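Chemist: Sharing a structure here in structure tokens format.
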């Protein structure tokens, strides 16, 4: 079992988080608590499986075998009560790649795609890079909790040029877990208007404080046939560098279109070590994940307590999921550039600025607390120094 308190030196490992701070922030000596990878070792079972595969010594062309598919099926059934067919599974190097492929496969240039900001920046990017048009159904923040503006969503989806909705379930950056009722409402509106759903569920395993994840496609067969669900072990088990994700596409015609775009791009299979790690994580990662979630909950409590005592002008958006904390700094009455300058120069702290998540994120910052508790406390003290 991992020791989550252990501080592991990551500088010098070509870590995007730790080795590129000078290029990204203009400062070498900042504590990076921005990008969404954790500072914990992956489960022992994953490390052992990778070592065994390395020691084999032959790293030729590799495909995703039925046993790997079975590990994904068992994981989804055990953790989320969702039974899927092996025939509905396909694989990509990452969820963002899968999103881009889905956009290319199922929409045309000039089509409109709905997203719900504040939301993960690649949602904007993949729509724009593929020459589609972003339509924003902005989430509503009230009493420290986000909700969906269904009246606005219905209006946006009724536009015949809208062909897809990209759903973030659970939501990044706020950590909001959507209820079955909310998801059903989204699904019905999309069916009524002929809008396809791409559901990014990469954070679905990191559930805090007793919250439960509902896979969008598990609600009804009609939702399953009108959607692509993307998952990955990368956030859950800290495997982002191995680049392996899975997509669930129950409709055979849509699956065929998806695979056709992949072929056009020259995509062959997953990285050999990505396959190995995915299978090991999904087969043997349950106990490790359960321990991780308890540790993360204590980190969340520490953040809320510290900010409540020392930084009363900041509001913490309490997360239902993820290891990301969304901090509302609007009461500071600072421009984003002023806030960034004080964080980096005074606090020596690198956080993700809210404007990356769209206009609805302006005045917020995102903090990654997927790290040893002493690092979380260090980050909080730096935040206090920056804003004092």
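The values are calculated or read from the model by the stated rules, or taken from the named source; none is laboratory data. Quantities reported herein were computed from a predicted structural model and do not represent experimental measurements. Cβ atoms come from the backbone with ideal geometry, glycine included; neighbour counts cover every protein chain shown.
Chemist: Pick out the one residue from 18, 75 that is without any contact (Cβ under 8 Å) to a residue 24 or more places away in the chain and surrounded by 15 or more Cβ atoms within 10 Å (Cβ to Cβ).
Modeler: Details: 75 fails: without any contact (Cβ under 8 Å) to a residue 24 or more places away in the chain.
Only one candidate qualifies: 18.
Chemist: Which of the residues belonging to segment 285-313 are touching a strand residue (DSSP E or B) at 6+ places or on another chain (Cβ under 6 Å) and crowded, with 19+ Cβ neighbours inside 10 Å? Outline the logic, then answer.
Modeler: Filtering segment 285-313 for residues touching a strand residue (DSSP E or B) at 6+ places or on another chain (Cβ under 6 Å) gives 303-304, 307.
Those that are touching a strand residue (DSSP E or B) at 6+ places or on another chain (Cβ under 6 Å) and crowded, with 19+ Cβ neighbours inside 10 Å: 303, 307.
Chemist: Something else now. Would a scan of segment 230-248 turn up a residue that is more than 22 Å from residue 44 (Cα to Cα), free of Cβ contacts under 8 Å to residues at least 40 places away in the same chain and outside any helix (DSSP H, G or I)?
Modeler: Checking segment 230-248: not a single residue is more than 22 Å from residue 44 (Cα to Cα), free of Cβ contacts under 8 Å to residues at least 40 places away in the same chain and outside any helix (DSSP H, G or I).
Chemist: Quickly run through segment 52-68 and pick out the residues that are assigned to a helix (DSSP H, G or I) and surrounded by 11 or more Cβ atoms within 10 Å (Cβ to Cβ).
Modeler: So the first thing to find is which residues in segment 52-68 are assigned to a helix (DSSP H, G or I), and the list is 52-56, 66-68.
Correct list: 52, 53, 54, 68.
Chemist: Residues of segment 210-227 being buried (at least 20 other Cβ atoms within 10 Å of the Cβ) and touching a strand residue (DSSP E or B) at 6+ places or on another chain (Cβ under 7 Å), which ones?
Modeler: Once the filter is applied, which keeps residues that are buried (at least 20 other Cβ atoms within 10 Å of the Cβ) and touching a strand residue (DSSP E or B) at 6+ places or on another chain (Cβ under 7 Å), segment 210-227 yields 213, 215, 216, 217, 226, 227.
Chemist: Let me ask something else. For segment 28-44, does any single residue satisfy the condition of being assigned to a helix (DSSP H, G or I), out of contact with any strand residue (DSSP E or B) (no Cβ under 9 Å at 6 or more places or on another chain) and without any contact (Cβ under 8 Å) to a residue 60 or more places away in the chain?
Modeler: We begin by selecting, within segment 28-44, every residue assigned to a helix (DSSP H, G or I); these are 44.
Filter again for out of contact with any strand residue (DSSP E or B) (no Cβ under 9 Å at 6 or more places or on another chain), leaving 44.
If we keep only those that are without any contact (Cβ under 8 Å) to a residue 60 or more places away in the chain too, we end up with none.
No, segment 28-44 contains no residue that is assigned to a helix (DSSP H, G or I), out of contact with any strand residue (DSSP E or B) (no Cβ under 9 Å at 6 or more places or on another chain) and without any contact (Cβ under 8 Å) to a residue 60 or more places away in the chain.
Chemist: Please specify each residue of segment 308-350 satisfying the condition of being under 15 Å from residue 368 (Cα atoms) and assigned to a helix (DSSP H, G or I).
Modeler: 343
Chemist: Could we say that residue 360 is assigned to a helix (DSSP H, G or I) and either surrounded by fewer than 17 Cβ atoms within 10 Å (Cβ to Cβ) or over 19 Å from the mean Cα position of the chain (by Cα) (or both) here? Please lay out each step first, then the result.
Modeler: On the way: assigned to a helix (DSSP H, G or I): yes; either surrounded by fewer than 17 Cβ atoms within 10 Å (Cβ to Cβ) or over 19 Å from the mean Cα position of the chain (by Cα) (or both): no.
In short, no.
Chemist: Here's something else I'd like to know. Please state which of the following conditions residue 383 fails to meet, knowing it meets all the rest: (1) surrounded by 17 or more Cβ atoms within 10 Å (Cβ to Cβ); (2) within 30 Å of residue 80 (Cβ to Cβ).
Modeler: (2)
Chemist: Then there's this: Of the residues 267, 203, only one is within 20 Å of residue 84 (Cβ to Cβ) and either at pLDDT 95 or above or surrounded by fewer than 19 Cβ atoms within 10 Å (Cβ to Cβ) (or both); which? Even if it seems obvious, please write down each step before you answer.
Modeler: Working: 267 fails: within 20 Å of residue 84 (Cβ to Cβ).
Answer to the check: 203.
One line per residue, one yes/no per condition, for (1) under 20 Å from residue 370 (Cα atoms); (2) assigned by TED's automatic domain parsing to the domain that holds residue 279:
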| position | (1), (2) |
| --- | --- |
| 13 | yes, no |
| 38 | yes, no |
| 49 | no, no |
| 52 | no, no |
| 66 | no, yes |
| 73 | no, yes |
| 79 | no, yes |
| 83 | no, yes |
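Chemist: Could you list all residues from segment 116-135 that are surrounded by fewer than 22 Cβ atoms within 10 Å (Cβ to Cβ) and within 17 Å of residue 203 (Cα to Cα)?
Modeler: So the first thing to find is which residues in segment 116-135 are surrounded by fewer than 22 Cβ atoms within 10 Å (Cβ to Cβ), and the list is 117, 121-122, 124-125, 128-135.
Within segment 116-135, 117, 121, 122 qualify.
Chemist: Which of the residues that make up segment 267-281 are within 9 Å of residue 64 (Cβ to Cβ) and part of a loop (DSSP other than H, G, I, E, B)?
Modeler: Those that are within 9 Å of residue 64 (Cβ to Cβ) and part of a loop (DSSP other than H, G, I, E, B): 269, 270.
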